[in-house]
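Below: the structure, in structure tokens.
Read the figures in this text as sums done on the coordinates, not as results from a lab. Since we're looking at a predicted model, the values are computed, not measured. Positions of Cβ are generated from backbone atoms using ideal geometry, with glycine treated the same way; all protein chains shown enter the neighbour counts.
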Amino acid sequence: MRYFPQNAPGGRRGVGPRGAERGTPMAKKPENHGKAWTKADVNKLNQLAKQNTPTRVMGIKLERTVDAIRAKASEQDISLKPTNQSPYGTKKK
């Protein structure tokens, strides 16, 4: 018999179709999961993007997932790229 890490005691615990049976907790859904975006939410997203707030922090503040933040920003043409970083090769020596 060949040795594989998943055959070892404690290997791959909680992974695969039987993971839920072993008590693996599911991820918590944000408060606003599945709810429509309000105008106030979009304004807050725009304000946070202008302040170069990281996407994960935006998600926490708006109680949305990072994917939802990115999708809405794309839909509203809001740039999430940081504006305070200089392009490559422009630093003075």
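Stretch I78-V66 to full length: gain in nm at 0.36 nm per residue minus the Cα-Cα span?
On the way: separation 12, 0.36 × 12 = 4.32 nm, distance 1.43 nm.
Stretched out fully, the I78 to V66 stretch lengthens by 2.9 nm.
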task = Could you count how many Lys pairs in the range 37-82 have their Cα atoms under 14 Å apart, skipping same-chain pairs fewer than 8 positions apart?
result = 4
request  = Would you tally the net charge around L62, using a Cβ to Cβ cut-off of less than 10 Å, leaving L62 out, and scoring K and R as +1, D and E as -1?
outcome  = +1
query = Is the shape of the range 37-82 best called rounded, prolate or oblate, per the rule: a/c under 1.5 gives rounded, else a/b larger than b/c gives prolate, else oblate, with a ≥ b ≥ c the square roots of the Cα gyration tensor eigenvalues?
reply = rounded
task = Apply the Karplus parameterisation 6.51 cos²θ - 1.76 cosθ + 1.60, with θ equal to phi minus 60°, to every residue of the range 37-47 and state each ³J(HN,Hα) to the nearest whole Hz, in sequence, with x for glycine and proline.
result = 7, 8, 4, 5, 5, 5, 5, 5, 4, 4, 5
